[in-house]
Structures are given as structure tokens and as C-alpha cells.
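A short write-up of the structure that comes next.
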Amino acid sequence: MAFRETMELKYQEILKNYIKDQSETALYQGQKFSRKSIENQVTPEEIISLHKQLLEDMYPDLPKYVVHSFDILLEVILPYGVAYRENQSLRDQKRELRSEIEIAANVQQTLLETKVPVVDGLDIGAISVPAKHMNGDYYHFVQDENNSISIAIADVIGKGIPAALCMSMIKYAMDSPLENRPEPSSVLENLNRVVEQNVDPSMFISMFYGMYNHDRHIFSYASAGHEPGFFYDGKKDEFQEIHAKGLLLGIDKKTKYIQYEKQINQGDMIILLSDGVTECRTDEGFIEKEVLMTYIKKYADLSSQEIVTNIFKEFERRQNFQLRDDFTLIILKRDV
């Protein structure tokens, strides 16, 4: 039976029991009744009206001033009832919005899904964790018939659902030209035209695009305003910042991007990342880049996937398990 159909009898029983002996049990039953009333969207003024009606039925000789006192109580509580209904409406909208965001996040994950390539002599690890439901970071791998690896890592300046949809568009814009293995600079120039023509002028995208030639062990790359990564020289046991400059995607459709090359030797690593790593903040301030390098050295004997996973856990702990920005870290390590 529906709660509203029985609420009068239930409340009458609770009221009689409390008037009779003022027991803790009756008070507890009143709390349960209150929670049920909230679940069934019974307003505060309805409860007061019911209370007044039951008292008049139970005590016909109840003094008129007591009865009238409930009228002023109803007037006082009326704004609370309005606020309660507005709050309930907002909660329902929030619940519906959260559900839609979860669906959108799942769709985004499906649309942007990419597999980490498996190549002899090259160990690759990747992790990308959104600070909220939707990820504004994006990475994508393509492996061709010669086992050469193309990799893109990008960040939308802007978060939430618009950023996620923008990333989905970028991913599909990339798929077609990648089949012909163009140079990184050409890929960025093609994507720049797509973004300039199709993305809101207030939204820009930074991207780093690289190609690893498995036969020559040459890493070719270009950047569109993206956070610079690092090379780790295994022989010298030192880090070098990746130097690559270029305008963000979507600003000027005629932009040309400079292409660079780097020889990758056995034991070397390529470290690519988003600014959620290098601009990671704690209560004490920003985490220095040297901290990242220390962690890479600390876990250097592990697989690349274990390295990026352990580094994320270290950064997560430093932020008290509350990411302030999307975190994306990719490591390519040449084994042989």
C-alpha cells in the first residue's frame, strides 16, 4: 500500500504513543516517519496540517488558542515547504545530469579508446586519469605494418563535456591521414585546419605528435603548444627537455609546424605528458619537474606501464587523492 494512503493512520499511532508515555521508541518511530515522508515528497506543511487535524479529532475540547497556533505555524513553515520542493527539484535535476554525464563519459571512453602497441625492443606504458568525469586529455597510438609507432598526446584548453566532444572530433580527424603515415608536422597542420574550421573560437587544443621509426630508432616529432616532455639518456643517466615550439591548434589555419628528430639508443626513454603532471599542485605548492625525474629513476627497472602507474600513485598521494587536473603520462623505453 502506498505511503500516502496510510500516513494518517501511522502518524496517529505515533502521536498517541508519544502523548501516552513520551518514550524514546515513539520518538524513533517519528524519525522513521519523517524519512519516509521525505522519500514520498510529503511537504512540511502537510505534516503540520495532519498534526493539527489529528489533535482536533483526538481532543475535541482542545483550547482554541492551541488550534489557532497551528495556523501561524503553517504560515511560518510555508516558505520552508517551498524551499524544500525547490531543493527536491534541484536534487532530481542533479541526479539526472550526473546520469547523463556518466553516460557521456562511457561514450567518450569508447570513442577515444586506443590500444598500447606491442613492439619488439620497445616497451610502452600509458596512463590517463581525468580529474572529473570527463577527460580533457587525449592520447592515441597507431602502429603500421613496419612496426613504426605514431603517438599523439593532446589537451583541450577547456574542460567538461565540450572538451570531451572536441577530443572525439580530433581523434576521428586523425584516423584518416594516419593511414598514409605523413610526417608529424603535416599531421598537426591538417588537424589545425580542422580545429580552426570546426571548433568554437574560445576553445584551443595543445598537441604533441611523434613518430618512432622502429628500423632506424629515430623519433620524429612536432608540437602545437603542448607541454614539453623529456628524453632520458640511459648511457649518461640524465634527462633532457624536449624542445619543440608551435602555435596551439585552432588559432591560425595557415600555421606551419617545425619538425624535429632525436636518435633513441638502447636504454633511452621518451617521456610525454600533459600539464596535469608538470603543473601538479599540492597544499605546499607546485610539484617540481625534478620530482617527476626522481620517480622515473626510482622505478626505472620496472616495465614502462608499471613506471607510469607508480608515478601516478605517487602524485595522487601528494594531492591527498584529489586530482586538480587531468593526469596523462606516457613512457616509451627502448630495450634493445
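What follows draws every value from the coordinates through simple rules; no lab data is involved. If you're wondering where the values come from, they're calculated on a predicted model, not measured in any experiment. Every residue, glycine among them, receives a Cβ derived from its backbone with ideal geometry; neighbour counts consider all protein chains shown.
In square nanometres, what is the average projected area of the Cα convex hull of the range 28-122?
Values: hull surface 45.0 nm².
Convex hull of Cα atoms, orientation-averaged projection: 11.3 nm².
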Using 0.36 nm per residue of separation minus the Cα-Cα distance, give me the extension gain between N87 and N147 in nm, one decimal.
15.9 nm
Starting from 0 in steps of 10 Å, tell me what percent of the Cα-Cα pairs of the range 293-332 lands in each bin.
30, 54, 16
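Let me check against my output: what whole-number percent is the relative contact order of the chain, with C-alpha pairs under 8 Å and at least 6 apart?
Numbers: 536 pairs, mean separation 55.2, N = 336.
Relative contact order for the chain comes out at 16 percent.
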How many angstrom separate the Cα center of the range 128-156 from the Cα center of the range 1-80?
60
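Mind checking the dipole of the chain: about its Cα centre, +1 per Lys or Arg Cβ, -1 per Asp or Glu Cβ, Debye to the nearest 20?
Numbers: 38 positive and 53 negative charges, 30 e Å.
Magnitude of the dipole: close to 140 debye.
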Near K236, which aspartates and glutamates are there with a Cα under 13 Å away, not counting those fewer than 8 places off in the same chain?
D268
Read through the labelled values (i) 63, 23, 17; (ii) 31, 21, 19; (iii) 39, 25, 19 and report the label of the one computed as semi-axes √(5λ) of the Cα gyration tensor in Å from the structure.
(i)
Nearest 10 degrees, 0 to 90: helix 304-318 Cα axis against the chain principal axis
40
Tell me which lysines have Cα within less than 27 Å of K20's Cα, excluding those fewer than 8 residues away on the same chain?
K10, K32, K36, K52, K64
Helix-only mean residue ellipticity at 222 nm, the chain, DSSP H runs n ≥ 4 weighted -39,500 (n - 2.57), per residue, nearest 500. What is it?
-16000 deg cm²/dmol
